[in-house]
Amino acid sequence: MKVKRRLAGHEEFEIMKLVLDKFLWLGTALLGWGLYRSIAVDVQDGLWYIAAGALVMVLFAWFIIREFERIR
């Protein structure tokens, strides 16, 4: 019978940071694309992308803070 190894709290947090880092890149990409669309096409069109990017970043920050407080 195989025994499953449990991760320590700091190991879980490191893995979670790697996964959530992708959301950070997604938020940054949406903000950049929104800035480009605002300048090149239409301000209103770009603001929707900027708002979506900001929402992703706020959710990312909220989740990281919540998990950090849970581990601590």
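The values are calculated or read from the model by the stated rules, or taken from the named source; none is laboratory data. Note that the structure is a prediction, hence the values are computed from the model and not measured. A quick note on method: Cβ atoms are made from the backbone with ideal geometry, for glycine too, and the neighbour counts reach across all protein chains shown. In case anyone asks, the SASA skips ligands and DNA or RNA and just uses the protein heavy atoms, side chains included. Shrake-Rupley method; radii C 1.70, N 1.55, O 1.52, S 1.80 Å.
Observations, loosely collected:
- Hits in segment 18-42 (condition: in contact with a Phe, Trp or Tyr (Cβ under 7 Å, 6 or more places away or on another chain) and not hydrophobic (A, V, I, L, M, F, W, C)): 27, 34, 37
- Hits in segment 60-72 - residues which are open to solvent by 60 Å² or more (accessible area, probe 1.4 Å) and charged (D, E, K, R): 66, 69, 70, 72
- Exactly one residue among 69, 12 is of a type outside the set (Lys, Arg), in contact (Cβ under 8 Å) with a residue 12 or more places away in the chain and out of contact with any helix residue (DSSP H, G or I) (no Cβ under 7 Å at 6 or more places or on another chain), and that residue is 12.
- Residue tally, condition hydrophobic (A, V, I, L, M, F, W, C), assigned to a loop (DSSP other than H, G, I, E, B) and either modelled with pLDDT of 85 or more or open to solvent by less than 60 Å² (accessible area, probe 1.4 Å) (or both), over segment 1-59: 2
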